[in-house]
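Peer 1: Submitted below is the structure of interest, expressed as structure tokens.
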Amino acid sequence: MSGENVMSAMPKINDDVYVPTISDDNNIYYVGGLAKVVKIIAGQIIVEEHNSANYRWKNGLDAMQESLKKQFGNQRASSTGIIPPCPLE
């Protein structure tokens, strides 16, 4: 590999992808790490571990995979149980 992102293709259902931690100044809503893709809709992936939050893949998570992998390693993503105040994009 030449440092190229090997996950640039759209993942498939049941694939694991890396997702970031989602927080604001007051709360951590979702802890980042590996998450299972459960649905794909119009270029967005929906992951199980983040309570079915959706993420844009192309020009979004695809470009973040290597840095998230370095940050989280084999850690699984999770939800803290706190519901975000607005929809995530």
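The values are calculated or read from the model by the stated rules, or taken from the named source; none is laboratory data. What you see is a predicted model; the values in this text were computed from it and never measured. Every residue, glycine among them, receives a Cβ derived from its backbone with ideal geometry; neighbour counts consider all protein chains shown.
Peer 1: Which ranges mark the strands (runs of 3 or more DSSP E) fully within segment 1-73 that have 3 or more residues being touching a residue at least 24 places away in the same chain (Cβ under 8 Å) and under 25 Å from Ile83 (Cα atoms)?
Peer 2: Numbers: elements: 16-19, 28-31, 33-41, 44-47, 53-56.
In segment 1-73, 16-19, 28-31, 33-41, 53-56 are the strands (runs of 3 or more DSSP E) which contain 3 or more residues that are touching a residue at least 24 places away in the same chain (Cβ under 8 Å) and under 25 Å from Ile83 (Cα atoms).
Peer 1: If you take the residues in segment 6-51 that are within 15 Å of Gln71 (Cβ to Cβ) and either among the polar types (S, T, N, Q) or more than 13 Å from the chain's Cα centre (by Cα) (or both), which one is modelled with the highest pLDDT?
Peer 2: Filtering segment 6-51 for residues that are within 15 Å of Gln71 (Cβ to Cβ) and either among the polar types (S, T, N, Q) or more than 13 Å from the chain's Cα centre (by Cα) (or both), the one modelled with the highest pLDDT comes out as Thr21.
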